[in-house]
Structures are given as C-alpha cells and as structure tokens.
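Inspection log for the structure reproduced underneath, given as structure tokens.
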Amino acid sequence: MNKLSIMLTASASLLLASCGQGDFLHADNAVVNLSPVEDNPSSGYMDLHGGRVDVELVGVTSDDVLRMEMHETTEEDGMMSMAKLKSIPVPAGETVKLEPGGKHLMIWGVGEGSKKRGLLTMTLIYSNDERIEIDAVVRKVGEPAPVADE
Ligand SMILES: [Cu+2]
C-alpha cells in the first residue's frame, strides 16, 4: 500500500467512527476552499460537534500552512465585515457550523503537498486540552464549491 492509500484509509475510518455517535467531541465535513487569487487567504469550513461537556475551540493548527485564524463574518446595515475570534464555543451535544457568511477559518499559505493530496491535515485544540486531528478536503477553483467567502 502506498502512502496516499494509507492516508485515505485512515481518514475514511475516522469518518466512519464519527458517524452516528452524538456524545463525543468531534468534527466532520471539513473543507478548505483554496483562494483563486495567489497570496489571498483560503477559507475553511466544518461542523463542530460538542461532547458531554461545554468546551471552546481555542485554536486550529496545521503543519502545512503559514497561518490559520478563526474568523466570523457579520453583517451590519448591509455591510459585511470580518472579525478575528479568540475562541468558538462548542456547547455539549450541539453542532456548531463553520460556514460561508458565518464563522470560518482563514488560511494562509496552504502547502503544495496538501494541494496535490487534496487533503489538509489540521489539529483542533479545545479548552479542555483535547486535540483532534482531521483531514479537510481541499477544493480548487473550478470544482463545485459553496458560496464564495466574503
Ligand atoms: Cu475571514
């Protein structure tokens, strides 16, 4: 088995493990939409599922990006703006969506390796010290993508 298929198998079993179980902290449906413009940040989305206790997502890191921030897009009097978030509350048993027009990840400098692989591995760091590694599907321009961010 080559390296790629091992990684795909690993993420597939991770996906299976996260299906149909509602009482542990996990995340799924993670995607990264690469910015069509070089040097502009890409955006990241996912569903955060709460566990048995209230926690906060306090950071997201990846070995293969320059920088990653948690943001929230807000609309006030028809004006869209974006603010950096220090944390994202994930209440017990609830699902918090990072999605276009709302909370999202802003990602600078996605590595060529992850682009080629089509997956970006990132680590979610929670206030209870839990760290969860997930693979986000990397989408390039021209592929079916959700509504453009900001
Ligand atoms: Cu942003």
Query - In range of the label at Val53: residues from region 75-104 whose backbone nitrogen is under 20 Å from the point 7 Å along Cα→Cβ - result: 87-96
Report summary line: Amide H neighbours of Gly101 at under 5 Å, excluding residues fewer than 5 places away on the same chain, with H built from the backbone geometry, are Glu150
Query - Backbone N within region 45-72 under 19 Å of label point (7 Å from Asp28 Cα along the Cβ vector) - result: 45-53
Query raised in the report: Under a 5 Å amide H to amide H cut-off, with H placed in plane at 1.01 Å, what residues pair with Asp54 once short-range neighbours are removed?
Result: Ala92
Query raised in the report: What are the lysines whose alpha-carbon lies under 18 Å from the alpha-carbon of Lys86, with same-chain residues fewer than 8 places away excluded?
Result: Lys97, Lys103
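With charges only on Cβ, +1 for K and R and -1 for D and E, what is the dipole size of region 3-139 about its Cα centre, in debye, rounded to 20?
Numbers: 12 positive and 21 negative charges, 101 e Å.
That gives region 3-139 a dipole magnitude of about 480 debye.
Which shape class applies to region 3-139: rounded if a/c is under 1.5, otherwise prolate when a/b exceeds b/c and oblate if not, where a ≥ b ≥ c are the square roots of the Cα gyration tensor eigenvalues? It would help to have the intermediate numbers written out before the result.
Working: a/c = 1.84, a/b = 1.04, b/c = 1.78.
Cα axes put region 3-139 in the oblate bin.
Only the coordinates and a few stated rules stand behind these numbers; no lab work does. From a predicted model like this one, the values you see are computed outputs, not experimental measurements. We place every Cβ from the backbone using ideal geometry, glycine too, and count neighbours over all the protein chains shown.
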